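The values are calculated or read from the model by the stated rules, or taken from the named source; none is laboratory data. Since we're looking at a predicted model, the values are computed, not measured. All Cβ positions, glycine included, derive from the backbone under ideal geometry; neighbour counts span all protein chains shown. With ligands, DNA and RNA removed, areas are computed over all heavy atoms of the protein, side chains included. Shrake-Rupley method; radii C 1.70, N 1.55, O 1.52, S 1.80 Å.
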Amino acid sequence: MSLYVPYTFGMTASEPVNLWTSAEHARDYLVRADQISHRTEGESALLEFIPAGTHRILDLGTGDGRLLALVRSTHPDTEAVAVDFSPAMLQAARQRFAADSRVKVIEHNLDEPLPNLGKFDAVISSFAIHHVVHERKRALYAEIYDLLNTGGVFCNLEHVASVNQRLHQEFLQRIGFTVETEDPSNKLLDFETQLRWLREIGFAGVDCQWKWRELALLVGTQS
Ligand SMILES: C[S@@+](CC[C@H](N)C(=O)[O-])C[C@H]1O[C@@H](n2cnc3c(N)ncnc32)[C@H](O)[C@@H]1O
């Protein structure tokens with residue numbers, strides 16, 4: 001399988017950078033999370049793909065649980081598992097769901113294979129999986145496929161690569177960053193490669209269901 005991609009950012013030959021276990025990095029994000037341009041459009045689009053009758057939801061790289069809380073607001077009769085590896089994010093998510101015994105917040109590094117968490121009707125993620133290296137992204141997608149019940153859905157609202165540096169710089173400018181200040185943890189990959197991987201793994205109905213510049217909603221179902 002070729003892992004060649006036409007344009008990537010944040011990848012070096014040395015150890016991959018991931019700053020998200022830093023409390024300061026997590027808090028900087030949480031302060032600006034609501035201001036990220038167009039994100040609420042992507043979140044609204046994601047909500048449309050959560051199947052009626054969903055009982056169990058897994059949120060990968062949950063942060064403070066923002067996306068999971070949104071999905072559960074429209075699917076209240078659900079239980080959920082929220083995964084992250086940042087102590088500050090885990091604390092924020094545990095605080096958010098403290099009064100809800102149907103949400104379990106679990107520490108796990110997505111660089112490692114997912115633990116046995118049972119089966120899910122929906123696996124969701126927003127702006128998290130691009131922090132793992134490309135080979136791990138693909139392996140994680142296969143693990144997600146195996147975790148889904150028949151008819152279950154994977155909704156990945158993701159930060160993907162631009163097709164060239166000019167468009168990358170424009171995107172950064174629109175979200176208040178430059179190439180100097182962008183997160184070195186990002187390991188951006190074009191969305192076409194990720195859609196192809198999902199199809200190769202066996203996901204059905206795979207498509208990019210919403211996109212604004214480097215923000216994209218990738219969706220596929222189990223069977
Ligand atoms: C940009 S934040 C998004 C948080 C949340 N999903 C949201 O949409 O607000 C990225 C999240 O991915 C988590 N993350 C990054 N790399 C991770 C890894 N290797 N394992 C687990 N979580 C990771 C970070 O701790 C952080 O919570």
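For Cys208 and Lys104 in the same chain, what is the full-extension length gain: residue separation times 0.36 nm, less their Cα-Cα distance, in nm?
That pair, Cys208 and Lys104, stretches by 34.5 nm at full extension.
Can you give the accessible area of Thr221, probe radius 1.4 Å, in Å² rounded to 10?
Accessible area of Thr221: about 40 Å².
Looking at the square roots a ≥ b ≥ c of the eigenvalues of the Cα gyration tensor of the stretch 54-212, which shape do they give, rounded for a/c under 1.5, prolate if a/b is larger than b/c, or oblate?
Oblate.
Give me the accessible area of Asp77, 1.4 Å probe, in Å² rounded to the nearest 10.
Counting only protein heavy atoms, the figure is 120 Å².
For the stretch 127-223, what % of the accessible area comes from carbon and sulfur atoms, probe 1.4 Å?
50
Can you list the lysines whose alpha carbon sits under 24 Å from that of Lys211, skipping same-chain ones fewer than 8 residues off?
Excluding near neighbours in sequence, the set is Lys137, Lys187.
Kindly state, to the nearest 0.05, the FRET efficiency for Thr150 paired with Ser73, given R0 = 25 Å and r defined as their beta-carbon distance.
0.45
Assuming 1.306 mPa s and 10 °C, estimate D for the stretch 127-195 with Stokes-Einstein, Rh taken as the Kirkwood radius over Cα pairs, in µm²/s.
Reported coefficient: 118 µm²/s.
What is the stretch 64-156 by shape, rounded, prolate or oblate, if you read a ≥ b ≥ c off the alpha carbon gyration tensor as root eigenvalues and call it rounded for a/c under 1.5, prolate for a/b larger than b/c, and oblate otherwise?
Verdict is oblate for the stretch 64-156.
Share of antiparallel DSSP beta bridges in the chain, in percent to the nearest 5?
45
Can you give the helix-only mean residue ellipticity at 222 nm for the chain, where every DSSP H stretch with n ≥ 4 adds -39500 (n - 2.57) and the sum goes over all residues, rounded to the nearest 500 deg cm²/dmol?
Estimated from H runs of four or more residues: -9500 deg cm²/dmol.
So with the 1.4 Å probe, I'd like the accessible area per residue for the chain, rounded to whole Å².
46
Taking a 1.4 Å probe, which of Ser125, Ser73 shows the most accessible area, and what order do the others take after it?
Ranked from most to least accessible, the order is Ser73, Ser125.
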